[in-house]
């Protein structure tokens, strides 16, 4: 018998809740108690085919809903590993993932069955529809004794899905920090914004259920609407917010004069937060404390910054390492830096993933130092005199143009400093055999591109100034995680150029 923390122990926070009648989830016009959430999980568990330690994986392809949470908990209650995939993925993106995973079952709902059903049939995979009750496969299914709780898929910088394997013990360690740092409690209401296939939901789901609080689950159409998010915050008296900075912009774009006095904690993660944006957000939430929490799908959160409520320019710092985080700065030869206070960040922590699904990828990102396994974040950071960490950019956001190194994030952040842009994405195009730096921008108060170029010229060297600017009348393309998608924006501009 394994004594470590196992997937079924995550489900126990709901299945054995201290107050079964307390509201666990509110989604749209529906809600459910902890008891009802547990009952739905048990029904799904009964409908699943037998899982094994060799194949504990169940893929979930469902719209955001209470049923999707019940499916997640049902798999975990059996000691299984849940694999959430975005329901918006096209069939050709789902096919290779399913073929590689060969899960014990694929769980769908009435909205996703039409796309997923033919794929599951072609691959010979059992399928369970949460909206169509099925008979039990067996009377008794004792929980497995295996550690893997979740597999997430992230494209990273290559566009190719990478499977990130995460153990139950890693989620338990992370939610333990959340419980200590932000003290969620019964009666609190956390607004979930991220898709269920995104790593931000580990905090949303498991920290909430661990504490007996209530989850405000936003559906896809609500998560993209500032008006609907505003309504949810006010109607449901949300006390905690957790999203990317880009998602927080939706509230500002809807109504800069709105106020949310019930909000006590605003957590943002996943991408750099411009100080100018944070300054505007502080006014929206007059009673809230703001935190920049930094990490990745592979490590979960490893640094945190408690933001002061004063005007801030530049990018919000990463802050200080969490108590469980050990770190190294490495140079371009992957050797620890000594005198310098700048380098590529590597981390070791109890929240670190068990690994990618491909061993070749693991060899690229893991190294042993002093007998401990460190992960390469590919983020370049600087440590100031007080020991605070500052984000400088991604190693894979560096491009070379005419022999010069240009950091795309540096260009974008300086563009946003002008104060009248909401979004900016820098990217490289190839035209007539030459590589050019270009920029797409969006903002309700967009001024002339000549003024933007003059603004950038104050902060950037000539070689880092975009050659062309593309003004958009609607927000720029986002990926399924709500982040600005440089690849999609660049491809759209290139396609338009090719057709002109």
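Only the coordinates and a few stated rules stand behind these numbers; no lab work does. The structure displayed is predicted, hence computed values, not measured ones. Glycine also receives a Cβ, built like all others from the backbone with ideal geometry; neighbour counts cover every protein chain displayed.
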**Request:** Return the inverse of the average 1/r over all pairs of distinct C-alpha atoms in the chain, which is the Kirkwood hydrodynamic radius, in Å to one decimal.
**Result:** 23.9
**Request:** Specify the inter-centroid distance of the range 51-83 and the range 6-33, based on alpha-carbon positions, in whole Å.
**Result:** 15
**Prompt:** Once the Cβ-Cβ distance between residue 313 and residue 219 is put in as r, and R0 is 60 Å, what FRET efficiency do you end up with, to the nearest 0.05?
**Reply:** 0.95
**Fill in**
Per-residue Cβ contact counts at 10 Å, fewest first, order 131, 384, 109 as 384, 131, 109
**Message:** For a protection proxy built on the mean count of beta-carbon atoms within 10 angstrom, sort 84-90, 74-80 highest first, please.
**Reply:** 74-80, 84-90
**Asked** According to the square roots a ≥ b ≥ c of the eigenvalues of the Cα gyration tensor, what is the shape class of the range 185-310, taking rounded for a/c under 1.5, prolate for a/b larger than b/c otherwise, and oblate for the remainder?
**Response** rounded
**Complete:** A student applying the Cα gyration tensor rule (rounded when a/c is under 1.5; otherwise prolate if a/b is larger than b/c, oblate if not) would label the range 7-223 rounded
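Decide, for the range 385-467, between rounded, prolate and oblate: order the square roots of the alpha carbon gyration tensor eigenvalues as a ≥ b ≥ c, take rounded if a/c falls under 1.5, and otherwise choose prolate if a/b is larger than b/c, else oblate. Provide the component values of the computation, followed by the final result.
Working: a/c = 1.83, a/b = 1.05, b/c = 1.74.
Taking the square roots of the gyration eigenvalues as a ≥ b ≥ c, the range 385-467 is oblate.
Would you order 388, 263 from fewest to most other beta-carbon atoms within 10 Å of each residue's own beta-carbon?
Result, fewest neighbours first: 388, 263.
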**Request:** State, to one decimal in nm, how far the label point of residue 258 lies from the label point of residue 333, with both points 7 Å from Cα in the Cβ direction.
**Result:** 5.4
**Asked** What number, rounded to the nearest 500 deg cm²/dmol, is the helix-based mean residue ellipticity at 222 nm of the chain, given -39500 (n - 2.57) per DSSP H run of at least four residues and division by all its residues?
**Response** -8500 deg cm²/dmol
**Fill in**
Taking 190, 234 and counting other beta carbon atoms within 10 angstrom, the fewest-first order is 234, 190
**Item:** 15 Å reach of a label modelled at residue 463, 7 Å along Cα-to-Cβ, counting backbone N of the range 374-404
**Value:** 398-404
**Asked** Which angle from 0 to 90°, rounded to the nearest 10, does the C-alpha axis of helix 113-123 make with the longest principal axis of the chain?
**Response** 80
**Cα-based helix-to-principal-axis angle, 168-182 vs the chain, degrees rounded to 10** = 60
**Request:** Describe numerically, in nm with one decimal, the distance between label points set 7 Å from Cα along Cα→Cβ at residue 400 and at residue 388.
**Result:** 3.5
**Considering only the chain, percent of DSSP beta bridges that pair antiparallel, nearest 5** = 65
**Asked** Can you give the extra length, in nm with one decimal, that the chain gains between residue 52 and residue 183 once fully stretched, where that is 0.36 nm per residue apart less the Cα-Cα distance?
**Response** 43.5 nm
**Item:** 0 to 90° range, to nearest 10: angle between helix 91-101 axis and the chain longest Cα axis
**Value:** 60
